[in-house]
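Rule-based calculations on the coordinates, nothing more; no lab input. Source: prediction; values computed, not measured. All Cβ positions, even for glycine, are placed from backbone atoms using ideal geometry, and neighbour counts span all protein chains on display.
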Amino acid sequence: MFIRRTMIKSRKQGEPYTTYRLVESERVKGRMKQRILLNLGRHFEIPRQEWRCLASRIEQLLGGQAAFLWIELPSELEQLAQRYAARILTSRGEQATGTGAFQSLDSDTLELVRPRRVGIEQLALHAIEQLA
């Protein structure tokens, strides 16, 4: 997932202007296709060096699963990432959790009750409990 800057000509005056889009690449039948997830508009004023972090955070949020490495963003960028992820989920027909905002959980306070499969996380937790 990445942010693309695109030059477009106005239909009325024919004047070129810049617009920004959130784009996702996917492989279809052995070829790479790019799909526009969200039009970010003409007035996207995030500095270019922060585009990758913003796109990565949105991708994390859409994944619906905690990431191994958390991407730390300033609060305004985090809010923007949450808003964009919610808009993408809405356009896909999915609902965002809670009141439309994503929530963070403290994994130390969670308990597993009747887990359905054994993953590497459970094995690591069991090993840590054996050492304690």
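Between Q79 and S107, what is the label-point separation in nm under the 7 Å Cα-to-beta-carbon projection?
Distance between label points: 2.8 nm.
Which aspartates and glutamates, on any chain, are close to K29 with Cα under 18 Å apart, when same-chain ones fewer than 8 places away are left out?
Those aspartates and glutamates meeting the cut-off do not exist here.
Label A127 and R4 with points 7 Å out from Cα along Cα→Cβ: what is the distance between them in nm?
My value for the distance between the label points is 4.3 nm.
Between R52 and S25, with labels modelled 7 Å along Cα→Cβ, what's the label distance in nm to one decimal, could you check?
Going by the 7 Å Cα→Cβ label model, 1.3 nm.
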